[in-house]
Amino acid sequence: MNAQATILFDGVCNLCNSSVNFVIDRDRKAYFRFGTLQSEEGMTLLRQAAYPDGYLDSILLIEHGVVYRESEAALRIARHLSGVWPLLYGFRFVPRWIRDGIYAWIARNRYKWFGRRDECRIPTPELKARFL
């Protein structure tokens, strides 16, 4: 496996699960591996990065030992996708308080707008090697 970065996401959030599916479909080089924030492995990585247990406020990207969250994580993820998606990385020049404000607004409303599952995502057998 070529994975060089790990994406931790809220495994019961429908928006988060759809976003992971979107990334998987466009991650042709298998750069990313995935884990839910609720999993044992995810919680271990959270603790190592000094995040509190139960942290679900943002997707987290762990890349080269650095933890990115909110809009910075999303933009860095987009940079590694196929197609036109890397162009979104140009939004890093928008002030972070604006980007993160929009991100936080969506994150606060994600369950209301997109719903939630009762359980975390279970990867298909062919994707299992890319999940923690």
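Only the coordinates and a few stated rules stand behind these numbers; no lab work does. Since this is a predicted model, take the numbers as computed values, not measurements. Positions of Cβ are generated from backbone atoms using ideal geometry, with glycine treated the same way; all protein chains shown enter the neighbour counts.
Out of the strands (runs of 3 or more DSSP E) lying entirely within region 21-115, which hold 3 or more residues that are touching a residue at least 40 places away in the same chain (Cβ under 8 Å) and closer than 28 Å to Lys128 by Cβ? Lay out the reasoning, then the answer.
On the way: elements: 32-36, 60-63, 66-69.
Those strands (runs of 3 or more DSSP E) span 32-36, 60-63.
Out of all the residues in region 9-18, which are touching a strand residue (DSSP E or B) at 6+ places or on another chain (Cβ under 7 Å), surrounded by fewer than 22 Cβ atoms within 10 Å (Cβ to Cβ) and under 16 Å from Gly42 (Cβ atoms)?
Val12, the sole residue that qualifies.
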